[in-house]
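Please treat every number below as a calculation from the coordinates, not as lab data. Note that the structure is predicted; figures quoted are calculated from it, not measured. Methodologically, a virtual Cβ is constructed for each residue, glycine included, from the backbone with ideal geometry; neighbour enumeration extends over all protein chains shown.
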């Protein structure tokens, strides 16, 4: 039976009430955007890892898309901070004010041009009734991001919670039933972004070969996990010697792949956190070589939530949380600011298939590897669109038994 992987990501922004000068340069393209998004992903990962010592999973594409949508509402230092935090400031152009949303629009079109790829993304603003939304902004985010704006009476918290949760249930096909449990009646604006991906492995694992085996969290903690097995098959792999880690590619159908980064035995995975970069990731892809391997991979499911108001200021995005926030392209009414950014992502990997909500080149070689790739200790994974090298999801598994 084909193995499927389903992912769901939800990003929620709860809100209350001039581009940097560029020298003459060529217009940025999708490759520039994906590289900047990848740098942002690695920066964000390190910030999240600084607050969490357990499993990590998030969608950098959705976060950057949601904030790119928000940046169209911002002006002055607020906009500058968002673009700098997203690592997109160098793509901004005075004479091309729509260049960044256009790039996101083109990237989304490139990723989804294969109609068989099951990747759906949506963005919706929920705005307090007392705020008058600028029609130009509403039209712009609809054009570039297919985003919607709805009015909500946040003073009626019970009805607002029900409305928002109902929206999320419909957008996720009932996979997430309660994203919001409570709301501040003073909430003025909420932005929800969802992304859903479902993929089938090109070469599925056989469920009959899955066995309970040990997974070594560290030198002192061992858990029992269902370990999937694919025997003596062709895989793309390589070894990053400076990093003391091995890389394995597991392709899905429809042009998306998972890249697994497995630190060598005895290596503390936290030593790798600061060494994962966009350049390194691209070098892994470039240097993969085909060879026969036996692969063992644990079944795992993760559901991760982050209150990102603690993390975003570390990336330089702080103005949106203060009274100095300038979101006047969304509404001319004063006082609009972000009070919270909630992020939720879910991934489930097994054999039968599920649908769930969410170094230098000289130091890298693709041969002389052992004949097995056994993922029985903490590892990192990246899910990316191959044609654009766009990083859709990334994560770290410390304990596969922890949801």
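Run the quick spin-label model on residue 282 and residue 267: label points 7 Å from Cα toward the beta carbon, then report their separation in nm to one decimal.
Result: 2.2 nm between the two label points.
Based on the alpha-carbon gyration tensor of the range 228-287 and its eigenvalue square roots a ≥ b ≥ c, which shape applies: rounded if a/c is under 1.5, prolate if not and a/b is larger than b/c, or oblate?
Verdict is oblate for the range 228-287.
Which shape class applies to the range 120-179: rounded if a/c is under 1.5, otherwise prolate when a/b exceeds b/c and oblate if not, where a ≥ b ≥ c are the square roots of the Cα gyration tensor eigenvalues? If you can, show how the numbers build up before the last one.
Working: a/c = 4.50, a/b = 1.17, b/c = 3.83.
It comes out oblate by the Cα gyration axes.
Given a Förster distance of 41 Å, report the FRET efficiency between residue 150 and residue 232 from their Cβ-Cβ distance, rounded to the nearest 0.05. Please report the intermediate quantities before stating the final value.
Working: r = 54 Å, r/R0 = 1.31.
Approximately 0.15, to the nearest 0.05.
Which of rounded, prolate, oblate describes the chain, given a ≥ b ≥ c as roots of the alpha-carbon gyration tensor eigenvalues and a/c under 1.5 marking rounded, otherwise prolate only if a/b is larger than b/c?
Since a/c reaches 1.5 and a/b is larger than b/c, the shape of the chain is classed as prolate.
Compute the FRET efficiency between residue 213 and residue 173 as 1/(1 + (r/R0)^6), taking r as their Cβ-Cβ distance and R0 = 25 Å, and round to the nearest 0.05.
Numbers: r = 33 Å, r/R0 = 1.33.
It comes out at approximately 0.15.
Full-extension gain between residue 96 and residue 186, please, as 0.36 nm times their residue separation minus the C-alpha to C-alpha distance.
Here the answer is 28.7 nm.
Where the centroid of each part is defined by its Cα atoms, how far is the range 227-249 from the range 165-210 in Å?
Answer, in whole Å: 30.
Return the FRET efficiency for the residue pair residue 106, residue 401: r is the Cβ-Cβ distance, R0 is 51 Å, and the value is rounded to the nearest 0.05. Show your work: numbers first, answer last.
On the way: r = 41 Å, r/R0 = 0.81.
Efficiency for this residue pair is about 0.80.
Please give, to one decimal in nm, the separation of the simple spin-label points placed at residue 114 and residue 291, each 7 Å out from Cα toward the Cβ.
Once both label points are built, they end up 2.7 nm from each other.
Just from its helices, what would the mean residue ellipticity at 222 nm be for the chain, if runs of 4 or more DSSP H residues each count -39500 (n - 2.57) and the sum is divided by every residue, rounded to the nearest 500 deg cm²/dmol?
-7500 deg cm²/dmol
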